[in-house]
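**Q** Sharing a structure here in structure tokens format.
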Amino acid sequence: MGYDNIVIVGASAAGAYVARSLEKSLPTSHRIILIERLDYMYHPISALRGSVVAGKEHLSFADLDRFFGQDSRHVVLQATSVTALSPSSVTISSIFEGSDTIPFERAVLALGSSYPVPGRPSSTNKAEAIEGQRRIQRDVAAASSVLIVGGGPVGVEFAGELRSVDRQKKVQLVTSGQTLLQGPFKPSLQKSLLEGLARIDVPVRFNAKVDLPSDVKTLELLPQQRSFSLSDGTEVEADLVMIATGARPNTSLLIESGFSRALDDEKRIKVDAKTLRVLDEGLQNYYSLGDCANAPGTKTHVAAKFQAPVVASQLLSDLGGARAKVYSAPPSIMVVPLGTSAGASQLFGLVLGAWITSFMKGKSLFVDDFKKLYASA
Ligand SMILES: Cc1cc2nc3c(=O)[nH]c(=O)nc-3n(C[C@H](O)[C@H](O)[C@H](O)COP(=O)(O)OP(=O)(O)OC[C@H]3O[C@@H](n4cnc5c(N)ncnc54)[C@H](O)[C@@H]3O)c2cc1C
């Protein structure tokens, strides 16, 4: 039997939650085709611990081939990239049902963002990506002086993970910001994290940019101590640099497909703030969510999880289904552990301390939720 296709590009948080919201409610005439360029799935939230603590590298990896049940009509195409978009079909890097073109009725772009390792994996192949994390563990263990560049949650959290396994090496954090965690966060959260870093002997330099030569790669051990110039005229020494300067949306596919006008100034896909439908007349059959889309609010796993049921219900409504939900951004939540038992959080405007931070994230890093998401329903 021929099905009408609903294509989802990207099977990380955003794409996977949309697929889960749709799989049981799509009309039987339709099937999901979930396309992912990796041959596995990756959980960035546990990747900092996985790159520092020996034996924890498996926390961030799950298989994708059992995402839909064995007898499901829905399909996963893993180790497959979408290489071009057109109004009612996508081109893929492999052959599916005799063709490299998949026609669809609706498509969802969940392309995410790119980030230096280990924020995103080092390879599209699972065995290589796991080995990549083990290599980082070895380099981190061998380093005597670590420079963390960036004062956002990733840089701060990395310092905590590092200190949970090593109290000896020198660790310092340099940020171009005036505070830790730039954004809609309370000064008491920033202060609490700064004090937490001081307690584990990680000094922070503010308002300084590090001049990083192009041969210095994130989390690759340098042959010897090297001196790095800062924009404030001073220098810092390190034999390992961790670059944590933020994510970039993965949207070159739209430019290559001739849809650059669908991107905003930050290269995110322009979407309607309520329906999450792509705002481009050539891409009217597309929705977009997660890190690659310019929906209001922060770019987080939590936001993608809130957006997915909206995309699913809008899409079902297009197919003649129930009334569609509209999106409203969740309150910005920030949970920053420093290892398994310290850290600070901001939830619904309240700043909370180590116990709740460890309980919510520091101990578990949401690994069980990640593994459950990819286990067959
Ligand atoms: C270290 C770290 C810790 C974090 N901690 C938290 C946290 O505690 N809480 C929180 O809410 N958020 C956290 N985040 C942010 C969170 O990881 C992201 O917001 C989330 O991963 C976004 O999900 P996404 O599906 O939109 O994008 P991504 O996770 O980037 O996934 C996009 C997927 O699309 C695939 N893809 C891209 N292009 C193509 C193509 N052309 N063809 C096929 N497949 C393609 C990619 O391979 C990828 O799997 C953290 C991020 C980092 C780096």
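**Q** Residues in the stretch 303-326: is at least one among the β-branched types (V, I, T) and within 30 Å of E161 (Cβ to Cβ)?
**A** Looking through the stretch 303-326, none of the residues is among the β-branched types (V, I, T) and within 30 Å of E161 (Cβ to Cβ).
**Q** For a quick check of your reading of the model, give me the residue pairs whose first member lies in the stretch 216-245 and is part of a loop (DSSP other than H, G, I, E, B), whose second is basic (K, R) and open to solvent by less than 70 Å² (accessible area, probe 1.4 Å), with beta-carbon atoms closer than 7 Å and at least 6 apart or on different chains.
**A** Nothing qualifies.
**Q** Given (1) more than 9 Å from the ligand (Cβ to nearest atom); (2) touching a Phe, Trp or Tyr at 6+ places or on another chain (Cβ under 7 Å), where does L109 come up short, assuming only one miss?
**A** Failed condition: (1).
**Q** Also: Please give the number of the condition D291 fails out of (1) under 25 Å from N5 (Cβ atoms); (2) more than 10 Å from the ligand (Cβ to nearest atom).
**A** Just one mismatch for D291, condition (2).
**Q** Given the conditions (1) open to solvent by less than 20 Å² (accessible area, probe 1.4 Å); (2) more than 13 Å from the ligand (Cβ to nearest atom); (3) farther than 28 Å from P337 by Cα, which single one is not true for R277?
**A** (1)
**Q** What pairs come out if I take residues in the stretch 323-341 that are farther than 13 Å from Q190 by Cα and pair them with residues that are open to solvent by 70 Å² or more (accessible area, probe 1.4 Å) and away from the ligand (no atom under 16 Å from the Cβ) whose C-beta lies under 7 Å away, six or more apart or interchain?
**A** These pairs meet every condition: V326/K274; Y327/K274.
**Q** If we only count strands (runs of 3 or more DSSP E) wholly inside the stretch 308-375, which ones have 2 or more residues that are in contact with a Leu (Cβ under 8 Å, 6 or more places away or on another chain), open to solvent by less than 40 Å² (accessible area, probe 1.4 Å) and within 18 Å of A13 (Cα to Cα)?
**A** 334-337
**Q** Does T91 meet the test of being open to solvent by 20 Å² or more (accessible area, probe 1.4 Å), within 11 Å of the ligand (Cβ to nearest atom) and within 23 Å of G290 (Cα to Cα)?
**A** Judged against the criteria, T91 is a match.
Matching residues to (1) under 17 Å from S113 (Cα atoms); (2) near the ligand (Cβ under 10 Å from one of its atoms); (3) surrounded by fewer than 22 Cβ atoms within 10 Å (Cβ to Cβ):
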position	(1), (2), (3)
R20	no, no, yes
S25	no, no, yes
L34	no, yes, no
R49	no, yes, no
G55	no, no, yes
F61	no, no, no
L64	no, yes, yes
D71	no, no, yes
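The values are calculated or read from the model by the stated rules, or taken from the named source; none is laboratory data. Treat the numbers as computed from the prediction; the structure is a model and nothing was measured. As a convention, Cβ positions derive from the backbone with ideal geometry for all residues, glycine included, and neighbour counts pool all protein chains shown. Areas reflect the complete protein model, heavy atoms only, side chains present, ligands, DNA and RNA absent. Shrake-Rupley method; radii C 1.70, N 1.55, O 1.52, S 1.80 Å.
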